[in-house]
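A quick write-up on the structure given underneath.
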Amino acid sequence: MSKKNLMVVSLICWGNIGLFYLLYLLKFEPVLVGVLRELTLIPSFLGGVICLMLLTYILLKEKFSCY
């Protein structure tokens, strides 16, 4: 994956978490939002963390490469 793709996927994952947090703060909790939150919250968190770790690895690998 390229750096740009990793950043986009990570932002989408964290945006999903932010959306559900915003809906929680606004006290907008219909059943459909609750179901979607339960289905997507953990994969979004894991996807965001893994993409950021991969991006960090790629950036450090580029910075410390010897050629």
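Only the coordinates and a few stated rules stand behind these numbers; no lab work does. All of these numbers come straight from a predicted model, not from anything done at the bench.
Computed values, structure above
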read-out: Any hit, the range 5-27, residues being part of a loop (DSSP other than H, G, I, E, B) and at negative phi; value: yes
read-out: Selection status of Leu60, under 12 Å from the mean Cα position of the chain (by Cα) and either under 30 Å from Met1 (Cα atoms) or not acidic (Asp, Glu) (or both); value: no
